[in-house]
Ligand SMILES: Nc1ncnc2c1ncn2[C@@H]1O[C@H](COP(=O)(O)OP(=O)(O)OP(=O)(O)O)[C@@H](O)[C@H]1O
Ligand SMILES: [Mg+2]
């Protein structure tokens, strides 16, 4: 049975696509047959971050409209043979996706033996975001440690509990809170909400905390999801988060200010 995971947030630009790409790679690396779908009709970012933008021939909207089969549109990742990308369309028509069309694509993927289908949601709470979450079994709600992001995530949690297929059937979508762009230094200064603040406001424990890290942008620019960068803190934090999503118990890392030792204080570095 395929498990459908939506990566959502409400607020834009918080790290959904970054997270979708890393989550999909992490699941594939763990041996799970994984597809990651870009629901951001009109924008198309995921293929860039996954590094397959030059190989997009058909996209999600083509499949939904019957212009291509799912097999024709899926792009096989060059790093993992069990990882596939379905790119978004660059059409201006925001209504190009339909509930029935999305359901058919998800069903075809499930029939094809996929273990996980990761749905990268667009920002906002309009149709695209609704369709990305509607069929989800689980949700990774991406939050930045700031009030506006937390508030929008709270609205998304409300929608997950009311406007999804599971909700309509009296079931719950399993919710995971992923705090990203976290900076322990700024939390200590009082410029950002702490992990405990965010957990308390949203009534959920974090499944992972991804530090603010310059390697994220470098990875995106080179088409290599940051989870594959073993040297970056953000990459390692994503590895941990994926392990927790798969049920492992891992302590949080990179969540406290690194105290500089005597020598680095004296001599810098
Ligand atoms: N942990 C991080 N550290 C530093 N920069 C980050 C981190 N996570 C994401 N970013 C940066 O934040 C920006 C937005 O990320 P991303 O595109 O993943 O967000 P999004 O939620 O998908 O945006 P949209 O709502 O537009 O789809 C990008 O420039 C990305 O490089
Ligand atoms: Mg995005």
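Return a whole-number percent for the relative contact order of the chain, with Cα pairs under 8 Å and 6 or more residues apart as the contact set. If you can, show how the numbers build up before the last one.
On the way: 555 pairs, mean separation 63.3, N = 269.
Once normalised by length, the contact order is 24 percent.
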19 Å tail of the calculated P(r), the stretch 13-154, as % of Cα pairs: 47
Residue of 31, 124, 190 that the Gaussian network model of the chain assigns the largest fluctuation, springs spanning Cα pairs under 10 Å: 190
Gaussian network model of the chain, springs between alpha carbon atoms under 10 Å - residue of 198, 150, 255 with greatest fluctuation: 255
Degrees separating the helix 99-111 axis from the principal Cα axis of the chain, which is the longest one: 80
Between 0 and 90°, nearest 10: helix 147-160 axis offset from the chain longest Cα axis: 40
Beta bridges by DSSP in the chain, antiparallel share as percent, to the nearest 5: 5
5 Å binning of all Cα-Cα separations within the stretch 1-83, expressed as whole percents from 0 upward: 3, 14, 23, 27, 21, 11, 2
Calculated P(r) tail over 35 Å for the chain, as whole % of Cα pairs: 14
GNM flexibility winner over the chain from 196, 243, 123 (Cα, springs under 10 Å): 196
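Using the count of nearby Cβ atoms within 10 Å as a rough guide to exposure, how do 65, 176 rank from fewest to most? Can you show the working numbers first?
On the way: 65 14, 176 19.
Ascending Cβ contact count within 10 Å gives the list 65, 176.
Relative contact order of the stretch 86-234, please, whole-number percent, based on alpha carbon pairs below 8 angstrom and at least 6 residues apart. Don't jump to the answer; show the numbers that get you there.
Values: 168 pairs, mean separation 25.7, N = 149.
Relative contact order of the stretch 86-234: 17 percent.
Got a sec? How would 38, 154, 137 order by Cβ neighbour count within 10 Å, fewest to most?
Numbers: 38 30, 154 16, 137 19.
In increasing order of surrounding Cβ atoms, one gets 154, 137, 38.
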Per-residue Cβ neighbour rank within 10 angstrom, fewest leading, 201, 75: 201, 75
Tilt relative to the chain, helix 16-29 - C-alpha long axis, 0 to 90 degrees, to 10: 80
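Just for the stretch 66-204, what percent of DSSP beta bridges are antiparallel, to the closest 5?
Values: 2 of 8 bridges.
In the stretch 66-204, DSSP labels about 25 percent of beta bridges as antiparallel.
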Shape of the stretch 117-177, Cα gyration tensor, a/c cut at 1.5: prolate
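Where a number appears in this text, it was derived from the coordinates with a stated rule and is not lab data. What you are looking at is a predicted structure, and each value in this text was computed from that prediction instead of being measured. We place every Cβ from the backbone using ideal geometry, glycine too, and count neighbours over all the protein chains shown.
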